[in-house]
Each structure stands twice: as structure tokens, then as C-alpha cells.
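Right, one structure below, let's go through it.
The values are calculated or read from the model by the stated rules, or taken from the named source; none is laboratory data. All of these numbers come straight from a predicted model, not from anything done at the bench. All Cβ positions, even for glycine, are placed from backbone atoms using ideal geometry, and neighbour counts span all protein chains on display. These accessible areas exclude ligands, DNA and RNA; they are computed on the full protein's heavy atoms, side chains included. Shrake-Rupley method; radii C 1.70, N 1.55, O 1.52, S 1.80 Å.
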Amino acid sequence: MDHTKQLGTAPILRLVIKFSLPTIFAMIVNAIYNIVDRIFVGKFVGEAALGGLTVSFPLMMIGFSIGTLFAIGGAMLISIRFGEQNLDEANKVYGNTAMLILISGLCLTVLGSIFLTPLLNLSGATEANFSYAYSYMRIIIMGIVLQLSSFTMAAIVRSEGKPFLSMISMVLSAATNIVLDYVFIGPLGMGVEGAALATILGQLVGFSILVYHYFISKKSLLKLKLAYFRLRWAYVRQIVLIGASSFVINLGTGISASFTNGALAVYGGDAAITSYGAINSLFTLVLMPIIGLLQGIGPIMGYNHGMGQPSRVWKTLWTGIGLGCIFTFTLFTLMEVFPEAFASLFLDPASPTMAVCANGLRLQMLALPVLSFSVLSTAYFQSTAQGKKSFFISLIRQLLVIVGVLLLPQFLQLTGVWLAIPFSELLSLVIASFMLVADRRAHKSEPLLQQAS
């Protein structure tokens, strides 16, 4: 059955909820299992081990960014082809996307294994946490092809109009990870190696569900043939242009986290780095649902762009931004009022690190009220095949974080490091707003807010 036609006819709010809620739920669960990783490691292994996971995070994001470049680019392009009623082209894009993921995953495994030590040093590893970071990452690297493949198929199955199947694979993956975290880190005492192994085995569960859908049940609209795996420049170029902004978001997050770790080491020491591990996990708890919302509205906008229905594209965007703002402002309020309660999930309340973490949490979470606007604006440009504009917004967001990390501490010390992300998000909001208004004027369309009503 073709589930894509609803994208061009059903009411927008109903579609946004139907496609976004499963993805948001899955992203929240994935954010929670990342938090659980750090909770178990922080409580059972120690603060130095939590610091090891903190300096591992940039490397994981850099690897993941390669996957999003091809996965999101391919999924968005497939949505557009579905809107154009061109199934043959959608299948060819799918085959090229799969080949790109396989090649990039294998390259990351080889290069990561060879250069792990210098990469961890660049990421801000210290003498206290290096051994933990190394033990964790050497296992994660071995499973990177599996992780990227699972993420790619989950993105593409949403383009087929099946967001709940994507959710099931991600939720079962995360649930498996959480259970195995407890078993491996707690009773078995495997430490950070147990956390890494639990992550890989959890991904295997989600991957298996999607493999069944595509290769065994034969219910997918998309079919892979050997000929579709042959890389063609026309498809690769389009996939890369559309996925570039997602790539920059994740790559930039990894690089900016490395700069942040370095600045924290200078202005706050190991206590600040350990605190950043907790704060970054909580920030991810908010960011992942916004990314889920982006991935939920992306197929809707891409399909309607392919059909030539711009009013439905814009109404989808503004509906997503409105829902995102409600979510982020709610969590912003809770974290500003109760920072110690959130920080105590990772740290002993009596630890001297607690005060550093609570203060850093309050400052970094100032970014939340405006977060959804700049993130979701990239979805509009991705879905309308304006990859260069989407790439520009994402690049500016990440560059501004690095500028903030380098500049603000010169005047504000450790406080300046924590304020780098709010600094970036506020300026990105201004830039994205100008670009969206300019795009509407260029297309001589009706006023922006009229489409949101």
C-alpha cells in the first residue's frame, strides 16, 4: 500500500503530529539511553569515567555526521521523488544512499582505529580520563557501520510514510541498550566497555527490525537492485547538497565540543569537563526531540514541494516551529528552576563538582527558547532542495559556537564558555529569519504568518 499520498492531502497539523510524535518519542528514548549511559558510568565507575565519555562525544558526533550527510540527504530526496510520483528515481536514490553509507562506515572504522589516540587528545582528553575514553571508543568504532546503516534505514522508512515502524526500531534499540547498560555496568562490572557494548547490541536490534521490513517482508515501496548500488554523480551530488546541513550540524557539534572541552580544561579543569558531560547529555535531551521534529516534518515538506504545493510546505514549517517552541520553553523553565535536581542524576549531591555543574546548566540552557527556530529552518531549505542555504545556516550556527568559545572566556572566564551556545543560537535566529523572509519575497508568495494560521 502506498502510504505517501496522505502527505499531499491530509490536514497539516494532523500530519505533523502523526509523523513527528513517533520520531520525537524515539529521539527522546535515544536521548534517555545516552543519559542512562552516563548515569550508570558516573554512579558505578566514577567521575573520571564520565569525563572519558565526555571527551568521546565529539568523536562520536563527527562519525555520526558522515551518516547524516547521506542518510538525511537521501531520505529527503526520496520524499521529493515520491511527491513527483517517480518511484524508479526514488529506488535509485535509495541504492546510492546505501552504498555511500557502507563505504563511509568502513572508512571511519579503519581510520578511527588507526588514529584513535591522537583524536582523543585533540578532543580534550586528560590524564585522568584518557584510558576510559580509549576503552569506550575502541568498541564504538567497531560497530559504526551497523549504527549508520540502522539510522539510514530509519530515516528512509519515514519517507515511505511509515513513521511508527521507524519509531519501533529506535525504541527497541534504546530499550535494549538501557537493559544491557544495567547488566554490563552493574552486576557484571564491565565499566565503560560494557556501556559501549550495550550501545552496539542495541543498534543491532533496531537494525534487524528494518532489515526484516526491507528484505524479508517485502512491504516496502522501495526495492534494491544490484544496478542501483552503482554510484552516479547526479544522485550523489543531490544527496550531498541536501544532507550537507545535517552533516554540518553534527560535525560542527563534535568540533565545537572539542573546542569547548579544551576551554573548560583551561578555565575550569576536570570538574568543568565532567560537568559538561552531564550538561551536554541534558542539552541532547532537548535537542534530539527537535531533530525528531525536523525529521518528522521533512518528508511532509519534501513531498509537497515535489507536488508543487508551497502553501502546505510553509504551513508545515510554522506548525513545527510552534510545537518546538512550546516543548523547549517548558524544559527551559524546569532546568532554570531546578538545576541541582537535574545535575544530581549524574553527580553525587555532596560532590564539589555539583556547584559547577548547576551553574553551567543554567547558563547553557539559556539557548533553549530559540533553539527550534534555527534548527527547523534548515528543514525548510533541505525539503525544498535549497541545500546551499540549509548548509549556510547550519555552518553559521556551529562556527558561532566556536567563536563564542574562543572569544567570550577572554572577558567572562568559565561563564563565557557556558554562554557560547546561547550566543550562537541567538545570532543564528536573526540570520535564519532574514533568510526565510528573503526566500518568501523572492518567490512572491503570501505573507509568512498567513500560512501559519
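Structural remarks
- Taken over the stretch 345-360, the criterion of being among the aliphatic types (A, V, I, L, M) and in a helix (DSSP H, G or I) is satisfied by Met354, Ala355, Val356, Ala358.
- When the stretch 160-193 is filtered for residues that are of a type in the set (Asp, Glu) and assigned to a helix (DSSP H, G or I), the ones remaining, listed by number, are Asp181, Glu193.
- Out of Phe44, Phe70, Phe82, sole residue that is more than 24 Å from the chain's Cα centre (by Cα), open to solvent by 10 Å² or more (accessible area, probe 1.4 Å) and modelled with pLDDT of 80 or more: Phe82
- Test set (1) under 26 Å from Val93 (Cβ atoms); (2) open to solvent by less than 20 Å² (accessible area, probe 1.4 Å) - Leu241 fails condition number: (2)
- Failed condition for Ala196, given (1) closer than 25 Å to Thr54 by Cα; (2) touching a residue at least 24 places away in the same chain (Cβ under 8 Å); (3) not in a helix (DSSP H, G or I): (3)
- Taking the stretch 158-179 as the range and being surrounded by 21 or more Cβ atoms within 10 Å (Cβ to Cβ) and farther than 24 Å from Phe19 by Cα as the test, only Asn177 passes.
- Hits in the stretch 119-133 (condition: over 20 Å from Val266 (Cβ atoms) and surrounded by fewer than 17 Cβ atoms within 10 Å (Cβ to Cβ)): Ser131
- Residue satisfying all of: in the stretch 380-423; within 16 Å of Phe434 (Cβ to Cβ) and among the β-branched types (Val, Ile, Thr); least open to solvent (accessible area, probe 1.4 Å) among these: Ile393
- When the stretch 206-235 is filtered for residues that are among the β-branched types (Val, Ile, Thr) and surrounded by fewer than 17 Cβ atoms within 10 Å (Cβ to Cβ), the ones remaining, listed by number, are Val211, Ile216.
- Top-ranked residue of the stretch 85-118 - restricted to ones that are closer than 28 Å to Gly306 by Cβ and β-branched (Val, Ile, Thr), ranked as surrounded by the most Cβ atoms within 10 Å (Cβ to Cβ): Val93
- The listed residue being modelled with pLDDT under 85 and within 23 Å of Gln382 (Cα to Cα), out of Met76, Met60: Met76
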